[in-house]
Structures are given as structure tokens and as C-alpha cells.
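FYI, it's all coordinate maths here, none of it is from the lab. Quick caveat: nothing in here was measured; it's all calculated off a predicted structure. So basically every Cβ, Gly included, is an ideal-geometry build from the backbone, and we count neighbours across all protein chains shown.
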Amino acid sequence: MANTIIGSSIIIDGEISGDEDLVIQGTVKGKISLKESLYVEASAVVEADIEVQNVEITGRVTGNIAATDKVELKADCRVVGDVRAPRILIADGASFKGNVDMDVKDR
Amino acid sequence: MAATKEFGATGAETTVIGPSILISGKLSGDEDLTVRGRVEGELSLTRTLIVEPSGIVKANVSVRNAIVSGVVVGNITASESVELTREGRMVGDIRSPRVIIVDGASFRGRVDMGNAEPRAANERPASQTRPALTRPVVRPAAAPPRPVVAARPAAAKPLPPAARPVVSAAPRVEPKSGGDAKPQPPPPPPQPVLVGEAGKKKVLVKKKK
Amino acid sequence: MANTDAINIIGKGITIRGSLTGAGDLVIEGRVEGQIALKNHLTIEGSGLVEADIRADELTINGTASGNIDASTKVSISQSAKVNGDIKATRVVIEDGAVFNGSIEMDVKLPDDL
């Protein structure tokens, strides 16, 4: 099990970086940069700038999101911030406030 | 609380910091934490910290139990126990009513177990007088059983996290082949009655595509 | 005290004050106050009470000891032991149940970036 899970009672105030998938069920404030995928689950509260390859959000995110591949805002998510990625999916029921930028140069 | 939990198990109930992950800052929580990567800064848990052989914790740690098989640089305050296993390496001070150092572990620092008191687990005469040098320490009334059985609904005693500024190194990322299987969403973790603003919500267990 | 191979015992009723040196193994069941310098293995039994700075090759403590300990190989603090003082040794073992207050100095090999 090489995956990282931040459980629902965990609160992190700082920076998270790494090379593997990350699942957040708890609270993260600060900055997240990953070379793989990030999953912000329904119980999660993220107040952070996010730089990842892919991100899938069902929980709450406040902060700017930059993905090299894809950003997926699922139903029931709440996202406030700017989103930049070559592919952006916003599901019906998602709540989102911010700018969308799909004009990524290396694509 | 989950009676099924094995000590150091890979059960999805604990929070796991994977081998390539670096967290620098403050981390707190009410569940077990397994570190296979790196945590720098400050760490406080009302439950058990497990530092696996690949794990590095450079932080001041305040937990209920700590099991160190990796590297810890910093002080550990544990309300129950600290164990350095055969592979454990630590530099820093330990303050805990029970401290176990296994042959093969390496350690440099102070150990403070507080005053000697009779332990429920081992019947031994507690009649001996303690020489000076002892510092008074707040400790639980009775020594608990080994943390292997993490099923006790003990009144988790949150310790004041050791306030110390974080000195974190530059983020370090080890190259590694990513792309492992998607994580299994863990079942809802136990919800201890404890303070803490977030994380009290039910976890939605859902399937990843 | 005796030849190198001998095992010497300081029995329960005995109290020694002063400095104790020797080359053989030594088992302390009684009481020693002062200093101990031993080339071999020292065992402090459950009934033993030592208030001394100790130098030995190897040290096993089942009883009570206070003072600084310098062992060239290993210090074992068993579950019945109560120890106060600073320890310097290559290997230190503390069993569950043991009571120890003091510092420990071993050689700790850390990753380069720590």
C-alpha cells in the first residue's frame, strides 16, 4: 500500500509534496504539490494551493488549483479559487467560484 | 474503536504517509498515523504514531503511543509508551511512562519515565525508594497494556503539543515509479470524542473509478 | 579481586562503600556505594542496590542502580530494574516495565540530510 491517506481527523498545516497518489479526508492548510493524483474526498477541507497531475474533488477546496492533466469537480464539491488545467470537468451539482484557464502551453 | 486493528497493520483505518511524501508543517489528529515518508515540523496525535523503517520524522512529537522503526529526530512526549524497535533510530528526548528500547535500536537523548509506580502489568515490589534525580512528571494512574490492543476506549489525554518553530528542509522528492493502484477508500474512522474543529464529519465511502 | 574467569558475588547481606575494581564477572546482590570499574560483565540482581558510577564491559541490571554508566558493549535494563543516571554504551536495551530516568548515548547513524 504505497498510497497516502490523510484521515478525517487529521489536520495538517504546512506543505505536502510527493510522487504518489494522495487521498485527503481530513483538513489540509498550506500547499500541496504532487506528481500524481490528488483525491479530495467529501469529508475533506483543503485550504491550499494545489499543484498536481490530476485532481478529483468531492469535498471543499479553497485555493488555486493547477493540474498538468485534469481537474474534476464532482457533484457536491465546493471549490473557491482559480483552476488551470488542460482538461476541466465540472459535474452537475458542483459548486465552484473562480476562473477557469484551459490554455496550458505545453499541451 | 476498532478492535480489529493490528499494530502496524496496513489496514486502511490509519492515516498513511507514503514513502515519497513529504509533509512539512503542523500535523495533528485523532487517529493512528503511519509514516513511511517524511514528516517535518510538529506532530500531535491522540493515538499511535508508527514510524516504519522507511519513515523519517523530524519533528517534535506528542502522541499517546509511538513505535519507531525508522528515524526520529526530535523530542517525543507520549502519554502511554514509546518503543524503539530493532531498526529504530532516534536522536532527541523521550518523555513517557513506558519506554522500550529493543536491542539493535540506537538512541541518543534523555529518557524521562517520571516517578516509579507499581505497574498493573508486572507485579513487582514497588517498595524501593527512588534516589534523587527524579523529576516529577504527570503520568497516567496505571500503566496500560501494550498498544497492540488498541481497543481500549481510554480517555485519550491530549498532550500540549511541544511548541517549537518548524525548521524544515527543502522539499525532497525521491524518484520512484508511481502509478500504483488507486487507494481503497478506508471505512469511516473511529470518531473519538475529542476537540478539533474539522474532521468530525462522516466519511463518505465511495468507489474510485 | 580474582582471576579473570571467576564469577564473584557480593551477597545480599553485604554493603561495600568505596571503589570496586576487577577483571572477573561480578554479580551484586547486596549494596555497593562508590565506584565500580570492571573489565567484564557486571550483573546487578533484583536485590542489588548500587549507587555508583559504573564502568564495565557489559552490564545487566535487574535491581536498582543510580549513577553514570559507561559500558563498552551493552547495557541491559530488565523489566524489574530501576535505573537513574546517564548511560554511554554501544547497545542499550530497556525492557518494558523497566524504570529509567537519564540520558542515553549511543552512536546513531542518521540519513545524511538530517
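What to note about this one:
- For segment B:15-112, taking the reciprocal of the average inverse distance between every pair of different Cα atoms yields a Kirkwood hydrodynamic radius of 12.6 Å.
- Under a model in which nothing but the beta-carbon of Lys, Arg (+1) and Asp, Glu (-1) is charged, chain A shows a dipole of about 240 debye around its Cα centre.
- Residue of A:LYS97, A:LYS29, A:LYS74 that the Gaussian network model of chain A assigns the largest fluctuation, springs spanning Cα pairs under 10 Å: A:LYS97
- The orientation-averaged projected area of the convex hull spanned by the Cα atoms of chain A comes to 6.1 nm².
- Taking one quarter of the surface of the C-alpha convex hull of segment C:7-102 gives a mean projected area of 4.8 nm².
- Likely footprinting exposure, C:THR60, C:THR21, fewest C-beta neighbours within 10 Å first: C:THR21, C:THR60
- Segment A:28-86-segment B:51-79 distance, computed between alpha-carbon centres (Å): 29
- Among the listed pairs B:LYS26/C:LYS88; C:LYS74/C:LYS109; A:LYS29/A:LYS74; A:LYS74/A:LYS97, a Cα-Cα separation exceeding 25 Å is found for B:LYS26/C:LYS88.
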